[in-house]
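The values are calculated or read from the model by the stated rules, or taken from the named source; none is laboratory data. The model shown is predicted, which means the values in this text are computed figures rather than measured ones. No Cβ is skipped: glycine too gets one built from the backbone with ideal geometry, and neighbour counts run over all protein chains shown. Please note that ligands, DNA and RNA were not included when accessible areas were found on the heavy atoms of the full protein model with its side chains. Shrake-Rupley method; radii C 1.70, N 1.55, O 1.52, S 1.80 Å.
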Amino acid sequence: MQQQPTDPHVSVASKKSEEKLEEKMHQLALKEKEQQTQMTAYAAGLPYISLVGMPIPPGPLSIIPEDDAKKFKIVCFAEIIGEFRVAVTDPAAEGLMDYLNALAEKTSSKITIFVMSETSFASVEKLYKQLPKIRPEVEGVQITQDDLDKYGEEFSDIRKLNELLAGVTLTEIITVLIAVALKTRSSDVHIEAEEKDVKVRLRVDGILHDIASLPASSWPRIISRIKLVSGLKINVADRPQDGRFTIFLKEDKVDVRVSTLPTSYGESVVMRLLRSSAAGLQFEQLGLSAYNEKLLKAEIEKPNGMIITTGPTGSGKTTTLYAILNYLNSPDIKIITLEDPVEYKLAGINQSQIDASRNYTFAAGLRSILRQDPDIVMVGEIRDLETAEIAINAALTGHVVISTIHTNSAAGAIPRFLAMGVKGFLLAPAMNAIMGQRLVRRLCVECKQEVQPEQDAITRVKKILTEMSPASGIQPDVSSMHFFGPKGCDVCHGLGYKGRVGIYEIMAMCPEIEAQILSSQVSEYTIQDIAVKNGMITMVQDGLLRVLEGVTSLDEVFSVAD
């Protein structure tokens, strides 16, 4: 039997009929979903809206970033004076109300909520692709990780920066200097106008290095660029100014404090780099010996009393205080700091900055802090009798107080307090421990080499180490000692040192020291002898132990502690 040929017109008509049926079914399904959304809205007591085909201006749409829109299934579709209208697919979504409350606070506007369907959200979501890409405004110097890698690869020796600067434009000089400073872990960049040229110096691990000189003719544009990015007045050159800017890196944030000072040939500029990662220094990273770490932990874990750190400017006192705060910080403890200035932000800790121009001094601030019900108080520095007395009374009334004072040794802090006018009968019971410290440079582990010091130096080392307190339980073997020194390689940029480590002496209070404080004749040397007798390892002894471990060099220790 012969098969009849299929009529092509019938086939096409049938296909069109099926497509129309599918489209009708699809429309019915969408209509049903919209009805369900209406019921959801009415049940929640909120108005319903369909945004399919609605023209939404870019302004309201951009109020909510695309990532947030996808996360909460939310869009802003209209803006009226003092009001934003937003549509959501699920008014009960977790975190949605907190987000909307934050949005209302940020925009200082009323937020009116509508309920929309998933279909509406899908149609609006496509509009985000049409939004113009806004280039983020960056204040100050924008330095990317690519910049760091680029400039880091172009020099291996810090003393060859002149070659690098010769190949960049004048507008890039500041970027290069900051990038190189970050690459070499510098704490400060010094740019100083002199008679014939402009000197550039970096402070690396506490030591200043002359690294470059720029033509004197370039100085006006360099200083103008620095002032512009740090918010200083460009037309003011006859008085000091202070400013700052922030550098956002891939995994860190760097605050740059800028100080300008009028000089004979222009101005001197110092840019201090404050890395936010430094605030995350853990107690165990301070570099304390096992003996000193155990001793200090026992003192800072006491429920009240004072912990004082001493040392000259740049000896790491603030870093030590932050590490102690990080160790003590927990949700059930309230910690408040009073600083000048606040150098690093610490999560979970209330930090306050003094302002002498408004009479908000250490003493005035400390009084206010004690009304905030703190458990631990950190005072940046004790400079006068008023601050000292308030801090001591706080330590005597159930608070832990940690602070700094400028003296050369731990034992020297006691006479310093008494010289301020502090009463001995209050100081003795308030004090828990006093810690003296210095920073020494670490030898580069890649290139350090064994050296042989002069015999006089070896004899001196033996004498100091054999005088260590028997109460400490530490007695190093001085019969066989090995010493190391710097060499210089690409890793340490030719310096022979990389990074710094602290050397410490921790004087814990004891009845004999308290008796000495209460006596009419207080001697720093007598207090030192009592502390050593009771187990204190002096700074120079702690440093020499690091020398024998190969951590630092003999010259480094003897240059900062003796």
Check: Do any strands (runs of 3 or more DSSP E) entirely within the stretch 408-506 hold 2 or more residues that are of a type in the set (Asp, Glu) and modelled with pLDDT under 90, and if so, which?
Finding: none
Checklist line | Yes/no for Phe425 being farther than 21 Å from Ala388 by Cα and either touching a Cys at 6+ places or on another chain (Cβ under 6 Å) or of a type outside the set (D, E, K, R) (or both) | finding: no
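Across the stretch 441-492, which residue is nearest to Ile207 (Cα to Cα) among those that are among the charged types (D, E, K, R) and open to solvent by less than 80 Å² (accessible area, probe 1.4 Å)?
Within the stretch 441-492, the subset among the charged types (D, E, K, R) is 441-442, 446, 448, 450, 454, 456, 460, 462-463, 467, 477, 487, 490.
The next check asks that each one be open to solvent by less than 80 Å² (accessible area, probe 1.4 Å); those that pass are 441, 448, 462.
Details: Arg441: 9, Lys448: 18, Lys462: 28 Å.
Per the stated criteria, the residue is Arg441.
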Next item on the list: Within the stretch 327-347, work out how many residues are free of Cβ contacts under 8 Å to residues at least 40 places away in the same chain, within 16 Å of Val400 (Cβ to Cβ) and open to solvent by less than 70 Å² (accessible area, probe 1.4 Å).
Entry: 2
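Answer with yes or no whether Gly266 is at positive phi, of a type outside the set (D, E, K, R), surrounded by fewer than 18 Cβ atoms within 10 Å (Cβ to Cβ) and modelled with pLDDT under 90.
Values: at positive phi: yes; of a type outside the set (D, E, K, R): yes; surrounded by fewer than 18 Cβ atoms within 10 Å (Cβ to Cβ): no; modelled with pLDDT under 90: yes.
Against the criterion (at positive phi, of a type outside the set (D, E, K, R), surrounded by fewer than 18 Cβ atoms within 10 Å (Cβ to Cβ) and modelled with pLDDT under 90), Gly266 does not qualify.
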Check: Which residue pairs have Cβ atoms under 9 Å apart, sit 6 or more places apart or on different chains, and have a first residue in the stretch 292-303 that is closer than 20 Å to Gln541 by Cβ and a second that is acidic (Asp, Glu) and surrounded by fewer than 18 Cβ atoms within 10 Å (Cβ to Cβ)?
Finding: Glu293/Glu284
Check: Between residues in the stretch 358-373 that are over 25 Å from Asp332 (Cβ atoms) and open to solvent by 30 Å² or more (accessible area, probe 1.4 Å) and residues that are among the acidic types (Asp, Glu) and not in a helix (DSSP H, G or I), which pairs lie under 9 Å by C-beta distance while being six or more apart or on different chains?
Finding: Thr361/Asp355; Thr361/Asp384
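The rows are residues; the columns are (1) modelled with pLDDT of 90 or more; (2) closer than 22 Å to Ile434 by Cα; (3) among the aliphatic types (A, V, I, L, M).
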| position | (1), (2), (3) |
| --- | --- |
| Leu295 | yes, yes, yes |
| Gly305 | yes, yes, no |
| Thr310 | yes, yes, no |
| Leu321 | yes, yes, yes |
| Val342 | no, no, yes |
| Ser352 | yes, no, no |
| Asn359 | no, no, no |
| Phe362 | no, yes, no |
